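What follows is one structure encoded as structure tokens, with my remarks underneath.
The values are calculated or read from the model by the stated rules, or taken from the named source; none is laboratory data. Predicted model, so just to flag it, every value in this text is computed and none were measured. Note that we place each Cβ from the backbone using ideal geometry, even for glycine, and neighbour counts take in every protein chain shown. Calculation scope for accessible area: heavy atoms of the full protein, side chains included, ligands and nucleic acids excluded. Shrake-Rupley method; radii C 1.70, N 1.55, O 1.52, S 1.80 Å.
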Amino acid sequence: MQTTATVNTPAQPRSAIGTLGWIWQVVTGAALIPLAGLHMIAQHFMVEGGLRGFDQVQSYLSNPIVWPIELLFLISVVSHALLGVRAILIDLGPSPRLARLIDPILWVVGIVSVAYGAWLTYAIVSAA
Amino acid sequence: MSLHSTNRARPRKPWQWIDIRGRRTGMWAFALNRLTGIGLVVYLYLHFVMLSQLFIGRAAWDGFVELAHSPLVLAFDVVLFAGLIIHGLNGFRVALNGFGIGVRQQKTFFYGLMAVGALLLAISTYLIFTL
């Protein structure tokens with residue numbers, strides 16, 4: 001008898017987090033490859049010592065091309081991360097009452113996280 | 001022809017994710033993605049806390065930069081890169097499989113991507129400790 005071993009997908013996406021959430025996670029995951037790559041190269045690998053100094057961070061974030069890219073990165077990484085957390089929480093089989101709380105809580109966490117990151121960027125740039 | 005992915009049912013308890021006894025490649029892939037994903041979420045929020053040093057001011061940020069150059073933090077950076085690379089490459093495979101691409105070759109695909117990941121991690125480690 002021929003046996004074909006397969007590799008499980010880490011999450012059974014469509015059943016676990018819904019089609020829309022799965023598509024968004026794939027879209028943000030794909031976006032994160034260039035965005036995280038750019039972030040790593042620009043913020044760490046192109047800088048002597050691996051980290052920008054205070055003035056260098058201000059100068060970098062003040063670039064009108066950079067901050068929209070960083071904002072896109074922030075939105076992508078936060079939504080991708082929280083969709084992953086959602087999939088794990090649902091996989092743990094919470095009670096229906098608890099399951100109903102997951103989405104609103106994660107939405108609040110996501111909005112606060114993006115708002116905090118955007119505000120921090122603005123505060124750093126405006127302090128220049 | 002029988003098609004099986006793991007010897008046991010998909011784990012629901014968190015501690016079962018890292019219990020890979022008697023399981024196949026699929027369980028390794030699943031466990032790696034879950035554990036690296038959780039690690040990266042924790043890192044994301046730690047990163048926010050670290051970046052708040054920028055808001056506190058120049059002295060706070062410079063102090064953090066000095067700390068970030070210590071060998072221990074650089075070692076954590078290697079762990080972070082390992083998580084990013086494994087999660088990214090494995091996620092790429094999962095996404096393609098989700099669209100029906102490479103499903104039959106997914107085991108080979110997984111090992112191939114992890115080999116690419118090992119190479120990327122070696123390059124990243126070199127850069128982290130030499131920059």
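Over region A:62-128, with every protein chain in place, what whole percent of the accessible area is carbon and sulfur at 1.4 Å, could you tell me? Can you show the working numbers first?
On the way: 2960 of 3840 Å².
Carbon plus sulfur share of accessible area: 77 percent.
Report, in whole Å, the centroid distance computed from the Cα atoms of region A:63-86 and region B:52-66.
23 Å
Probe of 1.4 angstrom, ligands and nucleic acids ignored: what's the accessible area per residue over region A:70-119, in square angstrom?
Working: 2750 Å² over 50 residues.
Dividing the accessible area of region A:70-119 by its residue count gives 55 Å².
Could you tell me how far the Cα centroid of region B:94-131 sits from the Cα centroid of region B:25-46, in Å?
Centre-to-centre (Cα) distance: 14 Å.
Looking only at A:Leu35, A:Leu101, A:Leu71, which one moves most when chain A is put into a Gaussian network model with springs between Cα atoms under 10 Å?
Evaluated over chain A, the most mobile residue of the options is A:Leu101.
Count charges around B:Leu113 for me, please; just the other residues with Cβ under 15 Å from its Cβ, Lys/Arg as +1, Asp/Glu as -1. It would help to have the intermediate numbers written out before the result.
Values: positive: B:Arg93, B:Lys107; negative: none.
Overall, the nearby charge balance is +2.
What does the charge count near A:Gln43 come to, summing +1 for each Lys or Arg and -1 for each Asp or Glu among other residues with Cβ under 13 Å from its Cβ?
Working: positive: A:Arg52; negative: A:Glu48, A:Glu70, B:Asp77.
With Lys, Arg at +1 and Asp, Glu at -1, the neighbours total -2.
If I model a spin label as a point 7 Å beyond the Cα along the Cα-Cβ vector, how far apart are those points for B:Phe99 and A:Leu72 in nm?
In this crude label model, B:Phe99 to A:Leu72 measures out at 1.8 nm.
Ignoring any ligand, DNA or RNA, what whole percent of the accessible area of region B:57-131 comes from carbon and sulfur when the probe is 1.4 angstrom?
Here carbon and sulfur together make up 76 percent of the probe-accessible area.
Which net charge results for the neighbourhood of B:Ile128, defined as the other residues with beta-carbon distances under 15 angstrom from its beta-carbon, given Lys and Arg at +1 and Asp and Glu at -1?
Once all neighbours under 15 Å are counted, the net charge is -2.
When all protein chains stay in place, what accessible area (Å², nearest 10, 1.4 Å probe) is found for A:Ile41?
For A:Ile41, solvent-accessible area is about 90 Å².
First measure r as the distance between the Cβ atoms of B:Thr108 and B:Ala59, then evaluate 1/(1 + (r/R0)^6) with R0 = 51 Å and state the FRET efficiency to the nearest 0.05.
Efficiency, from the Cβ-Cβ distance: 0.45.
Roughly how much accessible area, to the nearest 100 Å², goes out of reach of solvent when A and B pair up, both sides summed, probe 1.4 Å?
For A against B, buried area totals roughly 4300 Å².
Can you pull a Stokes-Einstein diffusion coefficient for region A:58-128 at 25 °C (0.890 mPa s), Rh from Kirkwood over Cα pairs, as a whole number of µm²/s?
In µm²/s, the coefficient is 179.
Report the normalised scattering of region A:24-92 as log10 I(q)/I(0) at q = 0.14, 0.16, 0.18, 0.19 Å⁻¹, calculated by the Debye formula with identical scatterers on the alpha carbons.
Result of the Debye calculation: -0.52, -0.63, -0.74, -0.79.
So which residues in region A:48-69 end up with at least 50 square angstrom less accessible surface once the other protein chains are there, compared with the chain by itself, probe 1.4 angstrom?
Flagged in region A:48-69: A:Gly49, A:Leu51, A:Phe54.
What is the spread of the Cα atoms of chain A along each of their three principal axes, largest first, in whole Å?
The Cα atoms of chain A stretch 63, 43, 22 Å along the principal axes, largest first.
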